[in-house]
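Encoded as structure tokens, the structure appears first; notes follow it.
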Amino acid sequence: MPWNEFVQTFVKESERKMCSIIRILFFGVFLPALFFVGGCCNSDELLSSNPAGETPQTLSGPSAKLNISIKHSNELTAALRGANTAQAIFELKLVNYGNFAAPFTLLRKRADISANQATVTFDSVPVVSTIVSMQLEGASLDGKREFHAGIDLMPGVNNLALVASGSAVEEDVIAMAAFASVNDYSTMLNLPAPLFFSLKESWQGLAAADQNSSAKLFAAMQSKISGFSITALAAGESHSLALRSDGTFAAFGSNTDGQLGKSGGITQLERRFVPFHQPVSQLAAGADFTLLLGRNKKVYACGNNEFGQLGNSTLSLSAYPIEVIGLENISAVSAGFGNAMVIDSAANLLVWGRNHRGQLGLAIDTLSQVTPKLLAAGVKQAVAGSGFILILKTDGSVYAVGDNQFAQLAADIGDYSITPVQIGALSNIIQIAAGESHCLALNSSGNVFAWGSNLNGQCGLGATLAIETPTILGGLNGITEIRAGKNFSLFKNAAGTLWGTGSSDLAQLAGNSSTSTPSQITSPTGVGLLATGGAHGLAFTNALLAWGSNEAGQCGNGQTSDSLTTPAERAIGW
């Protein structure tokens, strides 16, 4: 459910209750120092479909509690005491990221306040950036009747102190600049999700003489936005992610399980910022869930949680990135088909989630794990396919664990292993990649090895059903990056030229036909960043490009029609 619909429903349902709630409060049933505004609202929404035999899960959209006070409360108390009681209008402007027609959703309440009732609480507020204002009626503070400030709301309790409008103090200047930013089309188009975090950084960067000018802060924000760049891409089965240098990320495509970090399960056809207020340094897209690494080196997860892949000790979905408890000083994140992996600053690999083929490598059983467990030390990179994990050690050796039905363990085709086994044929490896059932490895000489399932030619080694031994692909030299989709592979050299192999029935190879050996892709060229999803690709040159399957809008071009046979971007940008 979009935030504006959410809030409209909230207001309608709670309006009738408000009068009785306020009446009860004023008669002193609760502590007289607290004035309560708002009502309970359940933001959970039942998924529209339920596979046979499975228990329905709900998308949990967390809400915030906002306690509002006013700076210089002693002076305010004196003013209110003189007036005995006063009325105040409290207004919350909830920022609708990317909604240019309606940049705000409003929550507005009128309340009687007195000297003993100087705190106002809004319950069940959506977790977005919010500009808060209050207008006194029948009282003033130093001649001021209007107060405001802004906050990036987080789940749980939030506290905000309002300042007088026009006072030129930090909170006042930032609030006015935020209002200008959200109402300016070109700025709103690229607005950072942690809006007030970013504005405060910009304010601190101004010369002291300029810090009392909202116009100069607004100009600084615009300049800052123009300098942002895309720093990382990730793609899941049917959703896509793009990270920007300010720590903000956009998400588009399927949201059936909340993998876009937004509640409601509504498919997102356009590239839109996710209102997550912790700046992000890395992101990873699993089949139907998302992992985020914050700049604080903590990990957050959202989306499907059927196998505990969100790492929160439950099997409940979350449409808002929630912290994976117990993880500190994390340096890398990776997501697979129902399981998650992180590497900490000491090069330890921790894993959790689905384990039906022993892919977590814990050597105990095949039960899913709902919290992170230590798997290995001395790890540089870890990737996951469907039922198996590849592990690249810091010494350049490679290990595999889990499913081996297509020789993913580089051994005789068999069942599975619940303990990691070393792939002896590989050494001096610098990068690994995993598709659904095939594997890739890149060594320090720029050679690419492939093994595993080759039903669609995804290993690039001709018309062979499976490759049991890692084998060098011919026709590729100087490769610097490898990516594996569900049944296709992409390779990039230092100049940004791409090659591809495997299935292209949904245009996975960017317009090239399906092939069982690597062939050069003519467009895009000059690729800097590259990502592969289930059956689509993403690239960043001087623009964000997408191609391949688009049935859930994962190409971000505003449509869900036929697959994109050539890389394309949409002029609307984010």
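Note on Ala347 and Asn296: their simple-model spin labels are 2.9 nm apart, each label 7 Å out from Cα toward Cβ. Packing here is the average count of other Cβ atoms within 10 Å per residue, and on that basis the peptides 354-364, 200-210, highest first, run 354-364, 200-210. Comparing Ala346, His438, Pro155 along the charge dipole axis of the chain, the residue lying farthest to the positive side is Pro155, per the Cβ-charge model. Put in order of Cβ neighbour count within 10 Å, fewest first, the listed residues Val379, Val157, Val370 become Val157, Val370, Val379. Taken along the Cα-to-beta-carbon direction at a fixed 7 Å, the label points for Lys373 and Phe228 span 4.0 nm. Karplus-based coupling profile of region 333-349, in residue order and whole Hz: 10, 8, 10, x, 8, x, 9, 10, 9, 9, 10, 8, 5, 9, 6, 8, 9, with θ = phi - 60° in 6.51 cos²θ - 1.76 cosθ + 1.60 and x standing for Gly or Pro. Starting from one equal scatterer on each C-alpha and no solvent at all, send me the Debye-based log10 I(q)/I(0) for the chain at q = 0.06 Å⁻¹, two decimals. The Debye formula, applied to the Cα set alone, gives -0.35. From the Kirkwood radius over Cα pairs of region 230-568, Stokes-Einstein at 20 °C and 1.002 mPa s returns a whole-number translational diffusion coefficient of 111 µm²/s.
Between Leu106 and Val169, what length comes free when the chain is fully extended (0.36 nm per residue of separation minus the Cα-Cα distance, one decimal in nm)?
Numbers: separation 63, 0.36 × 63 = 22.68 nm, distance 2.48 nm.
In short, 20.2 nm is gained.
Under 5 Å between amide hydrogens, built in the peptide plane, is the criterion, and for Asp246 it picks out Ser229 among residues at least 5 positions away or on other chains. Charges were assigned to the Cβ only: +1 to each Lys and Arg, -1 to each Asp and Glu. The resulting dipole of the chain about its Cα centre is roughly 880 debye.
The largest-to-smallest principal axis extents of the Cα set in region 466-529 are 34, 27, 18 Å.
Using only the alpha carbon atoms of region 500-565, find the Kirkwood hydrodynamic radius as the inverse mean reciprocal pair distance, in angstroms to one decimal. For region 500-565, the Kirkwood estimate is 11.9 Å. Taking every Cα-Cα distance in region 166-269 and sorting them into 10 Å bins from zero, the calculated P(r) comes out as 15, 38, 28, 15, 5, 0 percent. The value given for region 416-513 is a Kirkwood hydrodynamic radius of 13.6 Å, derived from the mean inverse Cα-Cα separation.
Once backbone amide H atoms are built at 1.01 Å from N, Leu498 has Ile521 as its partners under 5 Å, excluding neighbours fewer than 5 places away on the same chain.
Expressed as a rounded percentage, what relative contact order does region 263-331 have, with Cα pairs under 8 Å and six or more residues apart? Each step should come with its number before you reach the end.
Values: 115 pairs, mean separation 17.5, N = 69.
Once normalised by length, the contact order is 25 percent.
Looking at region 447-574, the pairs of alpha carbons with a distance over 23 Å make up 27% of the total.
Using the number of other C-beta atoms within 10 angstrom as an exposure proxy, rank Ser417, Ser516, Ser238 with the fewest first. Write out the running numbers ahead of the final one.
Details: Ser417 21, Ser516 18, Ser238 24.
Ascending number of Cβ neighbours within 10 Å: Ser516, Ser417, Ser238.
Between Glu91 and Ala543, how high is the FRET efficiency from 1/(1 + (r/R0)^6) when r is the Cβ-Cβ distance and R₀ = 51 Å? Nearest 0.05. Display every interim value, and only then the final one.
Working: r = 39 Å, r/R0 = 0.76.
That gives a FRET efficiency of 0.85.
For the chain, the longest principal axis of the Cα atoms and the long axis of helix 195-204 meet at an angle of about 80 degrees. The lysines within cross-link reach of Lys380, meaning a Cα-to-Cα straight distance under 29 Å and a gap of 8 or more places when in the same chain, are Lys297, Lys298, Lys393, Lys486, Lys492.
The angle separating the long axis of helix 214-226 from the principal Cα axis of greatest extent in the chain is about 10 degrees. Highest mean packing first, where packing is the average number of other Cβ atoms within 10 Å per residue, the peptides 528-534, 164-170 line up as 528-534, 164-170. Near the amide H of Lys380, within less than 5 Å, lie the amide hydrogens of Leu392, Lys393, Thr394, all on another chain or at least 5 residues away, with H placed in the peptide plane. Please work out the C-alpha center-to-center distance from region 323-371 to region 399-431 and express it in whole Å. When both Cα centres are located, 18 Å separates them. The sum of -39500 (n - 2.57) across all DSSP H runs of n ≥ 4, divided by the residue count of the chain, sets its helix-only mean residue ellipticity at 222 nm to -4000 deg cm²/dmol.
Applying 1/(1 + (r/R0)^6) with R0 = 35 Å to the Cβ-Cβ distance of Thr565 and Ile430 gives a FRET efficiency near 0.60. Please list, in order, the residues from region 154-177 whose amide nitrogen is less than 13 Å from a point placed 7 Å along the Cα→Cβ vector of Asp142. Flagged as within label range: 163-172. For a straight C-alpha distance cut-off of 30 angstrom, the lysines reachable from Lys109 (same-chain residues fewer than eight places away being disregarded) are Lys12, Lys17, Lys65, Lys71, Lys93, Lys144, Lys200, Lys262.
So what's the gap between the Cα centers of region 247-291 and region 508-526, to the nearest angstrom? Here the answer is 28 Å between Cα centres.
Between the listed residues Ala301, Ala287, Ala484, the Cα displaced farthest toward the positive end of the dipole of the chain, a dipole computed from Cβ unit charges relative to the Cα centre, is found at Ala301. Derived scalar couplings between HN and Hα for region 443-448 equal 9, 5, 8, x, 8, 10 Hz in order, rounded to whole Hz, by the Karplus curve 6.51 cos²θ - 1.76 cosθ + 1.60 (θ = phi - 60°), x for Gly and Pro.
Taking 0.36 nm per residue of sequence separation and subtracting the Cα-Cα distance, how much length would be gained by fully extending the chain between Ser444 and Met154, in nm to one decimal?
Numbers: separation 290, 0.36 × 290 = 104.40 nm, distance 4.39 nm.
Roughly 100.0 nm would be gained on extension.
If I fit a long axis through the Cα atoms of helix 3-26 and take the longest principal axis of the Cα atoms of the chain, what angle between them do I get, 0 to 90°, rounded to 10? Its long axis makes an angle of about 40 degrees.
FYI, it's all coordinate maths here, none of it is from the lab. Quick caveat: nothing in here was measured; it's all calculated off a predicted structure. With ideal geometry, Cβ positions are generated from the backbone for all residues, glycine too; neighbour counts draw on all protein chains shown.
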